[in-house]
Structure formats: structure tokens, C-alpha cells
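The values are calculated or read from the model by the stated rules, or taken from the named source; none is laboratory data. Computed from a predicted model, the values in this text were never measured in an experiment. When we count neighbours, we look across all protein chains shown, and the Cβ atoms used for this are built from the backbone with ideal geometry, even at glycine. The area values use the complete protein model at the heavy-atom level, side chains included, leaving out ligands, DNA and RNA. Shrake-Rupley method; radii C 1.70, N 1.55, O 1.52, S 1.80 Å.
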Amino acid sequence: MAKSIRGGVPALALAVWIAAWSVPDSPPAASNDDSPRREVLVKGATIWTVSEAGTFEKGDMLIRDGKIVAVASSIDPPRGATVIDAAGRHVTPGLIDAHSHTAVDGSVNEGSNNITSEVRIGDVLDANDIGIYRELAGGLTAANVLHGSANSIGGQNQVIKLKWGVEPGELKVRGARAGIKFALGENPKRSNFQPPAGTPARYPATRMGVEESIRERFLTARQYEKDWDAYNALKPKEQARRVPPRRDLQVEAIEQVLRKERLVHSHCYRQDEILMLLRL
């Protein structure tokens with residue numbers, strides 16, 4: 001009996017990555033055609049479903065309106081469908097990059113200060129970054145776009161779905177878990193960075209300074225949370241007679257880490273420093 005799987009799997013969740021295809025260096029112009037997409041049938045490929053259905057040797061995959069609707073040992077081409085002869089090629093699930101700097105407009109580091117948890121990658125997405133086009137051609141479908149590693153605590157991340165020819169906001173994966181970039185060792189202490197002449201060196205310059213800079217922000221965030229909790233617990237008349245705590249966007253992002261609402265993605269060089277962060 002021929003095995004098959006059917007359903008409405010998003011096409012980018014099972015990306016068509018067919019090795020050795022020729023991909024032009026420059027993408028085609030974005031199309032404004034909103035008409036339904038034609039059906040595409042990939043024939044004769046080794047299809048790795050990475051599911052209970054297993055691997056299809058010389059299998060077929062049908063895509064309709066941007067969604068995979070069937071994978072089977074053999075599928076008859078629907079009328080008008082584009083047929084791709086994929087004999088000798090492989091179709092695999094789409095790849096996800098857990099640490100990417102693709103689609104960032106301008107510098108990926110806000111290096112002027114050692115703690116920059118208030119800045120957000122989601123505010124500077126460049127949907128026309130050629131990296132998106134080339135990575136899609138290589139089978140990448142989603143990426144966790146992170147701030148750089150110039151800071152002990154850097155900026156907030158943005159999880160994106162790679163799409164070509166869309167508005168920047170359409171790249172964002174709605175509901176993705178929030179994250180933030182931390183870095184340890186050589187980069188935040190700037191071992192290989194020479195500041196411009198006349199510019200003072202930036203703290204920290206040692207591993208112990210990196211640790212202290214992170215600890216100080218966590219302690220500040222803990223107190224910030226206590227101050228706001230105490231203010232919010234007041235009755236309205238009491239609140240009216242008091243000045244609320246000063247809002248601090250930098251500290252708020254770190255407070256979200258304490259509340260387990262924001263994940264830490266940490267860049268490190270040595271075992272001892274990642275152990276330090278775990279203990280901290």
C-alpha cells in the first residue's frame with residue numbers, strides 16, 4: 001500500500017530545499033499579483049517528513065495556495081499544476097536559525113553603553129535584506145534575530161518568518177516568546193576593540209566586571225518590581241497623593257526575565273563564564 005500524509009501544512013514549515021539547484025544572486029522584482037497561487041507538484045524526490053510518516057523514497061509532494069496538501073509515493077499532477085522533476089534531490093523540513101543577525105537595518109550592536117536592554121531588533125527590520133532571499137533558497141524558513149554581543153546585556157530579539165517582498169512588520173512571528181541577548185567574555189569586555197583616540201575605555205574590562213554589570217541590573221530590576229507592586233497595591237486615593245515610580249524601559253526588559261516572560265540568549269567563550277551566568 002502506498003503511504004501518504006495529507007492536510008494543510010504551511011509550505012514554509014516543510015520547505016522545498018532541492019540540493020544543487022541554481023539560485024540567481026539577485027531576486028526577481030516583488031510581485032503585486034494577489035491572485036491565487038498555482039498548484040506545484042514536486043515529483044520523484046527523497047522526502048524527509050521528520051514525522052511518523054517517515055521518509056518517502058522517490059516521493060511526490062503537492063503544494064496548493066502556499067500549503068502542502070499531500071505527500072505520497074505517487075500523486076497525479078492536477079490540471080495546470082507546475083511539475084518539478086526532483087529525481088535525485090531531497091526535500092527536507094525548513095531550517096530554523098536560532099542565532100541570526102539577518103534583516104537588521106544598520107549596525108546590530110548598540111555599543112555606546114554596556115547595558116542596552118531597552119533597544120529592540122523588531123524596530124529595525126529590513127525586509128529587503130538580500131540575506132532573506134538567499135537563506136530562503138538554502139532552506140531556511142525562520143530565524144531568531146538577535147542583537148550583537150558588544151554588551152553584557154544587549155537588546156531585545158525578534159523571531160521572524162523569512163518572506164521576500166513583504167512589509168517589515170509581516171516578518172514578525174506573532175506570539176513568539178520574547179528574548180534578549182546577553183554576552184560574556186571577550187566581546188563585552190572589548191578585548192579586541194580599540195576606542196577612538198580621546199574616548200575613555202568603557203566599563204567593564206574584565207570577566208568579573210561583566211558578571212557584576214549583569215548582577216547589578218538584576219538587583220535593580222528586583223527592586224523596580226517591588227516599587228511598582230507597592231504602588232499598584234495602594235488604593236486610588238493613596239495613589240493620587242504619591243508620585244509613581246519612574247518608568248524605566250531598560251529595567252523593565254530585565255524585570256521580564258525575572259518574571260520568566262523573556263528568555264536569555266547568551267553568547268559565551270568559556271565554560272566557566274556560562275556557569276557563572278547560570279549561577280547568577
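Overview of results
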| read-out | value |
| --- | --- |
| Candidate set: the stretch 259-280, residues that are of a type in the set (A, V, I, L, M), part of a helix (DSSP H, G or I) and open to solvent by less than 70 Å² (accessible area, probe 1.4 Å); chosen: the one farthest from Asp229 (Cα to Cα) | Ile274 |
| Checking Asn232 against (1) under 23 Å from the mean Cα position of the chain (by Cα); (2) among the polar types (S, T, N, Q); (3) modelled with pLDDT of 95 or more, the condition it does not meet | (1) |
| Unmet criterion (only one of (1) out of contact with any Gly (no Cβ under 7 Å at 6 or more places or on another chain); (2) among the small types (Gly, Ala, Ser); (3) at pLDDT 95 or above; (4) at negative phi) for Ala45 | (1) |
| Those residues of the stretch 115-131 which are free of Cβ contacts under 8 Å to residues at least 24 places away in the same chain and under 20 Å from Gly179 (Cβ atoms), in sequence order | Asp123, Val124 |
| Residue within the stretch 195-204 that is modelled with pLDDT of 95 or more, at negative phi and open to solvent by 60 Å² or more (accessible area, probe 1.4 Å) present | no |
| Residues within the stretch 169-194 that are under 12 Å from the mean Cα position of the chain (by Cα), open to solvent by 40 Å² or more (accessible area, probe 1.4 Å) and in contact (Cβ under 8 Å) with a residue 60 or more places away in the chain, tallied | 1 |
| Members of the stretch 59-114 found to be open to solvent by less than 70 Å² (accessible area, probe 1.4 Å), small (Gly, Ala, Ser), in contact (Cβ under 8 Å) with a residue 40 or more places away in the chain and not in a strand (DSSP E or B), listed by number | Gly66, Ser73, Gly80, Ala81, Ala86, Ala87, Gly94, Ala103, Gly111 |
| Which numbered condition Ile160 misses (of (1) surrounded by fewer than 17 Cβ atoms within 10 Å (Cβ to Cβ); (2) more than 29 Å from Arg279 (Cβ to Cβ)) | (1) |
| Counted residues, the stretch 243-252 - those being outside any loop (DSSP other than H, G, I, E, B) and loosely packed, with under 12 Cβ neighbours inside 10 Å | 1 |
| Glu255 vs. criteria open to solvent by 50 Å² or more (accessible area, probe 1.4 Å) and within 21 Å of Asp123 (Cβ to Cβ) | no |
| Scope the stretch 115-143; condition closer than 29 Å to Arg89 by Cα, out of contact with any Phe, Trp or Tyr (no Cβ under 9 Å at 6 or more places or on another chain) and open to solvent by less than 20 Å² (accessible area, probe 1.4 Å); matching residues | Gly131, Thr141, Ala142, Ala143 |
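Conditions tested, residue by residue: (1) at pLDDT below 95; (2) out of contact with any helix residue (DSSP H, G or I) (no Cβ under 9 Å at 6 or more places or on another chain); (3) closer than 26 Å to Ala103 by Cα.
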{"residue": "Ser191", "(1), (2), (3)": "yes, yes, no"}
{"residue": "Gly209", "(1), (2), (3)": "no, yes, no"}
{"residue": "Pro244", "(1), (2), (3)": "no, no, no"}
{"residue": "Gln250", "(1), (2), (3)": "no, no, yes"}
{"residue": "Gln256", "(1), (2), (3)": "no, no, yes"}
